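Take a look at the structure set out below.
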Amino acid sequence: MDLKQMRYFLAVAEERNFTRAAERLHMAQPPLTRQIQALEEDIGAALFVRTARGVVLTEAGEALLAEVPNLLALAQRAKEQAVLASEGQTGRLDVGVFGSGVLDVIPRILARFHAERPEVRIVLHNLTKHEQLQALRERRISVGFNRLIPAEDDLVVEPVLRESMMVALPAHHALAKKSEITITDLSDCPMILYPRLPIAGLAQHVIQAFNREKSILRVEQDVEDILTAVALVAGGFGACITVASTASLRLPGVVYRPLVSKHLREIELSCLYRKTDPSPVLTAFVAVVRDYASKAKLAPQR
């Protein structure tokens, strides 16, 4: 049995007449008769009894008629789902995210993609830069977001936007009275640093900036994520250099001031994915990222 034979059978069963069924199917009657005969041979039972007026279904024909519409509907749904999947309208997108990236930009991009393709399931994975690179190569995620990505032969790294640097300060800190903060202002002040990982990140850039500007970096706490860093700032443990999107964390007792530095001005957020990934869902998602990035360049820095 095949789907074509199922459609032929359904037409004859509903019309109860080979001639009318052939007209409905836009085909000649002899080929239709041959197809039904082939179907009966395949099943091993007669499906119709020929009469002067047309045909009558046998018990085997009645049993088959009860199932065929469902089979054809399932086949049509399978075809439609396959088409949607080929267009990136359905499926799953595994996204690697990190720290401060989930505070502003990444949720905006994900929300825009979800609005365009609500049938795609989005699954987030909180991973460090090193873990994202590994997960991409092991195909556990399709795309990642991170900063300061090293060049990789097998990956595409596309910039999303550049964020200005900020200083998170306890509200009662002496520097909180200033409208902007310099590295020199922070010399020998208790600082909260995050995170020091094998692949260079923001912590290494902060250290380099202090060294280049001949200022003393006094690390009070090393933490693993931005939320912990800002929570410690709120607790009065020290200041923290971070990116502008972190200011969306409105913890009581924390104020944010722009950082003015020759060596630490902006930092780039990038999207990364495999060069050889043919996924239509990924292609659609990257298009959304690129559209967001093109508009972000035109928008004023907050």
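Nothing in this text is a laboratory measurement; each read-out follows from the coordinates by a stated rule. Just so it is clear, the model here is predicted, and its values are computed rather than measured. Cβ placement follows ideal geometry from the backbone for every residue including glycine, while neighbour counts extend to all protein chains displayed.
Could you please report the charge total around Gly238, scoring K, R as +1 and D, E as -1 over all other residues with beta-carbon less than 12 angstrom from its beta-carbon?
So the surrounding residues net to -2.
Work from the charge dipole of region 163-266 (Cβ charges, +1 for Lys and Arg, -1 for Asp and Glu, about the Cα centre) and give the residue of Tyr194, Thr182, Asn211 farthest towards its positive end.
It is Thr182.
If you put +1 on each Lys and Arg Cβ and -1 on each Asp and Glu Cβ, how big is the dipole of region 3-86 around its Cα centre, in Debye rounded to 20?
With Lys and Arg at +1 and Asp and Glu at -1, about 300 debye.
If the reach is capped at under 16 angstrom between alpha carbons, list the aspartates and glutamates near Lys4, excluding any in the same chain fewer than eight residues apart.
Lys4 reaches Glu14, Glu23, Glu40, Glu41, Asp42, Glu67.
Set the Förster radius R0 to 30 Å, insert the Cβ-Cβ distance between Arg218 and Arg162 as r into 1/(1 + (r/R0)^6), and round the FRET efficiency to 0.05.
0.60
Calculated from DSSP H runs of 4 or more alone, at -39500 (n - 2.57) each and per residue, what is the 222 nm mean residue ellipticity of the chain, nearest 500?
-13000 deg cm²/dmol
Could you tell me how many degrees, from 0 to 90 and to the nearest 10, lie between the Cα long axis of helix 280-296 and the main elongation axis, the longest principal axis, of the Cα atoms of the chain?
40
Taking +1 at the Cβ of each Lys and Arg and -1 at the Cβ of each Asp and Glu, which of Val233, Ser270, Val286 sits farthest along the dipole of region 148-302 towards its positive end, judged by Cα position relative to the Cα centre?
In region 148-302, that residue is Val233.
Checking the a/c ratio against 1.5 first, then a/b against b/c, what shape does the Cα gyration tensor give for region 86-126?
oblate
Quick one: putting +1 on the C-beta of Lys and Arg, -1 on the C-beta of Asp and Glu, what dipole do you get for region 231-302 around its Cα centre, in Debye to the nearest 20?
180
Tell me whether the chain comes out rounded, prolate or oblate; compute the Cα gyration tensor, take square roots of the eigenvalues as a ≥ b ≥ c, and use a/c under 1.5 as the rounded threshold.
Prolate shape, in that a/c is at least 1.5 and a/b is the bigger ratio.
When the dipole is taken about the Cα centre of region 163-266, and only Lys, Arg (+1) and Asp, Glu (-1) are charged at their Cβ, what size is it in debye, to the nearest 20?
Dipole of region 163-266, to the nearest 20 debye: 280 debye.
Ranking Ser179, Ser164, Ser279, Ser86 by Cβ neighbours within 10 Å, fewest first, what do you get?
Ser179, Ser86, Ser164, Ser279
Distance in nm between label sites at Ala234 and Leu84, each 7 Å beyond Cα in the beta-carbon direction?
Calculated label separation equals 4.1 nm.
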